[in-house]
Each structure stands twice: as structure tokens, then as C-alpha cells.
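Note sheet for the following structure.
The values are calculated or read from the model by the stated rules, or taken from the named source; none is laboratory data. Treat the numbers as computed from the prediction; the structure is a model and nothing was measured. Note that each Cβ is placed from the backbone with ideal geometry, even for glycine, and that neighbours are counted across all protein chains shown.
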Amino acid sequence: MLRTLGRTSQADIARSTGLSREVDAKVPDGRGGRPGVQLVLQDSSRAVVGIDVGHSHVQVAVADLAHDVLAERMCDLEVRDHAFDALDRSARMVEEVLVEAGVVRSHVICAGIGIPGPVDRAHGTVGSATILPGWRGLQIAAEMEKRLGLPVEIENDANCGALAELTWGAGRDCSNFAYIKAATGIGAGLVIDGKLLRGASGTAGEIGHTTLDEAGALCYCGNRGCLETVASGPAILQLVGQGRSESLTLGQVIELAALGDVRCRRAISDAGTEIGVAVAGLCNLINPERVIVGGLLSRAGELLLQPIRDSIRRHAVLAAAERVEVVPAVFVERAELLGSLALALSGWNPALASRA
Ligand SMILES: [Zn+2]
């Protein structure tokens, strides 16, 4: 429980596990017992590794069991069609962060890796042939285990973001929420009764491929009129790029919007409206307490969030719409990286410790 929660009180451990706190009185050194006392694992020699593979970058971090990040590193890399490059580069970066953090390899107990596509955890592969074609059929977990010599847990990137928000962020006190990652792609990590919903083949939460317009633009997934064709980073850039001589990045569009550029503001708020339509359907299905909006686009703040709220109110069942609050994520660029650490922390099975 401490490995999963990091710092927590004995009272919370008692609540989460159902174990009695009566045992406190028998602790011979008299430590602990009072509900306000924060506990933390003291095994500072052990560590976990997290790897976030994005569409155009790889990030790597090492953390101890007290959830303190000891070192992290990032590099730009086009990963979509270069799976082996991404895995090789990640493995080299793991070596670098371990040296920087002064962590001995044999003391790392598990690695978590987040992938920007649906993940079939049973087979350790990407769960869709069209969403990440360059990774098709690749045994990601096995390939990384070979490179790192560690047990490896793999997960979808939006699910990693949801895990980070659940463990340390805007979902900490919430057991039913949807985390929406709005960036180059749009994905969702769904937490139901405190657990990630993964689905039969790992595509649960692929909200970016919700059909909004059957006669709409052709999507890379093979369908038409998906949410991503109108509200993803590339879709926004295409809209605001028309009539401009220089090409913009999504970060620049968000900055220009904050400075009052009406075209950028309209493009972002329209994206919010469309995302809200898809999220309204999600609210009808899972009735979340909270929708946590993350990803680079969430840097636009209320400009994105308010249209999402308006769309939910307009399109969802009244009771579901009234119940849900739409809030910004605590983590933006680092959510998936931190989530891959949370994945390693929660995924490590003590029974497998001899493998580490
Ligand atoms: Zn699609």
C-alpha cells in the first residue's frame, strides 16, 4: 500500500486495507499510531524506472519507493514509425538516469512504460494496427525486458496520465473519473472504482476516435469524422495555419490565444466544444465524479475547459452533467512520465522480486 500511495497516514492505510490499527499499540519502538503521522517506505536502496514514449519524444525517470524522482531525462524523437529506435534510445536513457541518480541497476525492481496507442497488456503489444502502425505486432514488454534486464509493465499513455493524477494529482481523492489527454492525439484514461478500465484488448478510452460526423474528414484510424479530425493538435494547427506564412506549434497557438489572437482563441474553444460532445457521451456511460483535462492543450485553461463544460451540459443526461466537475490536470507535460513511475510502483509484484 505504501509503495502505491507513497506518503500516507496509518489511518488511511487502515481504511484502504481494512486492516485494524489496533496493531499499532504493539509496535515495540512506539512509532506511529497517531492518524496524522505520515508514513513512507524507507528502503532507499530500491528504485523504479518510468519511460514515457510520446508521439515525438521519449522521457525517462528513476524514482525511489518514497515516490521521489531522483533523475529524469528527455529527448525529441519521431516514434510513430521508429519503434526499435525509441526502445533502444529509452534503454540508453535509463542507463544515464541510473548513473545520474547513483542507483545500482540490481536495485531497480520494475520499469513502467507508456505508449501513445492502445496497449494489449495480455500480449504486451499495441492493441490496434492502425493507430500506431510502426509498432504493429511488436512485443514491447518483452523487447524492453530484454534491453533492461527488468520486469516491465506497459500501459497506454492516457492511462499513465490517469494513474499520475490518481496517485498524486487531481484524482487523488476521487475513485470515478475520466482523465482526458488533449494534445497531438486525444485519449482518455478511465478510473472506475479506483481502478483503470482497460477493456478486452486495451482500447478502452480511445475517445479521440469517437465518430462525430459520419461524412467528416478521413481519419488515420480508417474511419471518418473522428474527434481527432476536428480537435487534435494537428487539426487545430491546420485551421489556424490557413493564411499564415509561418508555421506554428501547438504551444505557440496556446500562447497567441492567451495574448488575445481571435483565430487561435476560436480554434481552441471550438476544439473544447467538440471534445465536450465526446465527453458528454462518456459521462452518460460511466457517470464520473470528475473529468480531469490534461495534455498540452490544457495549458489553454478556461478557454478550453468552459466549452467542454458547456457541451457536457448540452449533450449529456442532466443528472450525469450536473454531477460531474471539469477540472484541469495537475500534471501537463510530465503526466505520462510520472504515470509510468506509478505503473512501475503499483505493478511490481513482490513474488517476482527475485527477477529484479
Ligand atoms: Zn479515427
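Quick rundown of the values:
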| item | result |
| --- | --- |
| Matching entry among 45, 56, 90, 106 (being surrounded by fewer than 16 Cβ atoms within 10 Å (Cβ to Cβ), under 19 Å from residue 339 (Cα atoms) and of a type in the set (S, T, N, Q)) | 56 |
| Every residue from segment 59-80 that is part of a strand (DSSP E or B), buried (at least 16 other Cβ atoms within 10 Å of the Cβ) and over 18 Å from the mean Cα position of the chain (by Cα) | 64, 70, 71 |
| Count of segment 308-333 residues which are at pLDDT below 95, of a type outside the set (A, V, I, L, M) and surrounded by fewer than 19 Cβ atoms within 10 Å (Cβ to Cβ) | 3 |
| Meets criteria (crowded, with 17+ Cβ neighbours inside 10 Å, under 21 Å from residue 330 (Cα atoms) and within 16 Å of the ligand (Cβ to nearest atom)) for residue 164 | no |
| Which numbered condition residue 295 misses (of (1) over 19 Å from residue 211 (Cα atoms); (2) surrounded by fewer than 22 Cβ atoms within 10 Å (Cβ to Cβ)) | (2) |
| Residue within segment 143-158 that is in contact (Cβ under 8 Å) with a residue 60 or more places away in the chain, within 16 Å of the chain's Cα centre (by Cα), surrounded by fewer than 18 Cβ atoms within 10 Å (Cβ to Cβ) and more than 16 Å from the ligand (Cβ to nearest atom) present | no |
| Which numbered condition residue 194 misses (of (1) on the phi < 0 side of the Ramachandran plot; (2) more than 16 Å from the ligand (Cβ to nearest atom); (3) loosely packed, with under 15 Cβ neighbours inside 10 Å) | (1) |
| Considering residues of segment 242-260 that are over 22 Å from the mean Cα position of the chain (by Cα) and surrounded by 16 or more Cβ atoms within 10 Å (Cβ to Cβ) only, the residue farthest from the ligand (Cβ to nearest atom) | 256 |
| Matching residues in segment 312-342 - criterion: being hydrophobic (A, V, I, L, M, F, W, C) and under 19 Å from the mean Cα position of the chain (by Cα) | 326, 327, 329, 330, 331, 332, 335, 337, 338, 341, 342 |
| Number of positions in segment 197-220 that are within 12 Å of the ligand (Cβ to nearest atom) and of a type outside the set (D, E, K, R) | 12 |
| Residue in segment 261-270 that is within 16 Å of the ligand (Cβ to nearest atom), in contact (Cβ under 8 Å) with a residue 24 or more places away in the chain and among the acidic types (Asp, Glu) present | no |
| Search result, residues across segment 175-191 that are at pLDDT below 95 and more than 16 Å from the ligand (Cβ to nearest atom) | 175 |
| Subset of segment 221-235 [surrounded by 15 or more Cβ atoms within 10 Å (Cβ to Cβ) and either near the ligand (Cβ under 10 Å from one of its atoms) or without any contact (Cβ under 8 Å) to a residue 24 or more places away in the chain (or both)] | 221, 223, 224, 225, 226, 227, 228, 229, 232 |
| Residue ID - nearest to residue 143 (Cα to Cα), chosen from residues in segment 93-103 that are among the β-branched types (Val, Ile, Thr) and surrounded by 15 or more Cβ atoms within 10 Å (Cβ to Cβ) | 94 |
